[in-house]
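Worksheet: one structure, shown below.
The values are calculated or read from the model by the stated rules, or taken from the named source; none is laboratory data. Nothing here was measured: the structure is a model prediction, and the numbers come from that model. When we count neighbours, we look across all protein chains shown, and the Cβ atoms used for this are built from the backbone with ideal geometry, even at glycine. Accessible surface areas use protein heavy atoms only, side chains included; no ligands, DNA or RNA. Shrake-Rupley method; radii C 1.70, N 1.55, O 1.52, S 1.80 Å.
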Amino acid sequence: MLRKLFQIQNATGVMGLNKRNIKLIYPHNRRKDYTLADDKVKTKQLLHKNNLACAETYTVITKVSDIKKKWEACQNYTSMAIKPANGCGGEGIKILKKSVEGQWVSGGKSLSEMQIFQHITSIVTGIFSMGSTDSCLIEECIVPHPFFAEIYDEGVPDFRIITLKDIPIMAMLRMPTSKSDGKANLHQKGVGIGVDMEKGTLTEVYDGRQYRNHHPDNPATVYEKAIPFWEEMLQLAVKTSKAFPLDYLGIDLVIDKTKGPQIMEVNVRPGLGIQLVNRCGLESAIIKQNAL
């Protein structure tokens, strides 16, 4: 990763892990507050408390013995997202949608109630969080805005906006690909698309090896494509940053088809790949935005 970072055309101000930790994370984020970002249930509680736009929470399951009862309370919904509270990298997340026949489907495959219970059990017992136990968050399923389908019509993409002291300093759009199994994470074969924050437009697509002006599964150019609700997303990121006692954050947002910008999650240790995606070092971006 470091070798790639220093291959950025303008490598001035590029940060590696140690420099990021020493200059950004340790001085600006108290360790006791990490859990507010690391635990998705606590994140949602804080978002709801501050009336920040995000998916509705349907239920939280903390014990295996509660699975059946709490699952029954969710049967009126036709779609939902099931997530481990302390998972990372998209592991353990399942998007469920109910077919016309009333069968639950995930990733094009039908799932029995028993299979869903087994997955929730895996979450609660800590399989996806490397811990002894975890909580299972079941929430509203976001319906992506048509803007995303114009680029790639699979999975759930999101925008990541890095904030420092409530100032947005860098952003990217993370998109799934045909090789990423619906995940938008860069390390799972998704792609990152740079963002010109002043113009509110997309720049280049980076797949971990090369830059292009289009998504690898769609030849249509995305370069200088206008981002809908861009100013609203910046404002929502700033409000979210102010609601958390963490001064350096990676805030993930998606644009819902009917509700507009929604907060997906918050990260206390956002990855460094965003520098590669934008061909710009974090330190340079901080200086440009006058964040310190």
Output the residue which, of all residues in the range 218-233 that are part of a loop (DSSP other than H, G, I, E, B) and not hydrophobic (A, V, I, L, M, F, W, C), is nearest to the chain's Cα centre (by Cα).
Pro228
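This table checks each residue for (1) more than 27 Å from Thr258 (Cα to Cα); (2) open to solvent by less than 50 Å² (accessible area, probe 1.4 Å); (3) within 18 Å of the chain's Cα centre (by Cα).
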{"position": "Met130", "(1), (2), (3)": "yes, no, no"}
{"position": "Ser135", "(1), (2), (3)": "yes, yes, no"}
{"position": "Pro144", "(1), (2), (3)": "no, yes, yes"}
{"position": "Leu164", "(1), (2), (3)": "yes, yes, yes"}
{"position": "Met175", "(1), (2), (3)": "no, yes, yes"}
{"position": "Lys183", "(1), (2), (3)": "no, yes, yes"}
{"position": "Gln188", "(1), (2), (3)": "yes, yes, yes"}
So Arg269 passes all but one of these: (1) in contact with a strand residue (DSSP E or B) (Cβ under 7 Å, 6 or more places away or on another chain); (2) of a type in the set (D, E, K, R); (3) buried (at least 16 other Cβ atoms within 10 Å of the Cβ); (4) not in a strand (DSSP E or B). Which condition number does it fail?
(1)
Looking at Ile120, Ile116, can you tell me which residue is assigned to a helix (DSSP H, G or I), at pLDDT 95 or above, out of contact with any strand residue (DSSP E or B) (no Cβ under 6 Å at 6 or more places or on another chain) and farther than 21 Å from Ile263 by Cβ?
Ile116
Take the residues in the range 97-128 that are under 22 Å from Val254 (Cβ atoms) and touching a Gly at 6+ places or on another chain (Cβ under 8 Å); name whichever of them is surrounded by the most Cβ atoms within 10 Å (Cβ to Cβ).
Ile123
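Please indicate, with yes or no, whether at least one residue in the range 234-241 is assigned to a helix (DSSP H, G or I), free of Cβ contacts under 8 Å to residues at least 12 places away in the same chain and open to solvent by 30 Å² or more (accessible area, probe 1.4 Å). Break it down stepwise before answering.
Pass one, the range 234-241, residues assigned to a helix (DSSP H, G or I): 234-241.
Adding the requirement that they be free of Cβ contacts under 8 Å to residues at least 12 places away in the same chain leaves 235.
Restricting the remaining residues to those that are open to solvent by 30 Å² or more (accessible area, probe 1.4 Å) gives 235.
Scanning the range 234-241 turns up at least one residue that is assigned to a helix (DSSP H, G or I), free of Cβ contacts under 8 Å to residues at least 12 places away in the same chain and open to solvent by 30 Å² or more (accessible area, probe 1.4 Å).
Would you confirm, using the coordinates I've provided, whether Asp247 is out of contact with any Cys (no Cβ under 9 Å at 6 or more places or on another chain), among the acidic types (Asp, Glu), open to solvent by 20 Å² or more (accessible area, probe 1.4 Å) and under 24 Å from Lys19 (Cα atoms)? First the steps, then the outcome.
Numbers: out of contact with any Cys (no Cβ under 9 Å at 6 or more places or on another chain): yes; among the acidic types (Asp, Glu): yes; open to solvent by 20 Å² or more (accessible area, probe 1.4 Å): yes; under 24 Å from Lys19 (Cα atoms): yes.
Yes; evaluated as a whole, the condition is true for this residue.
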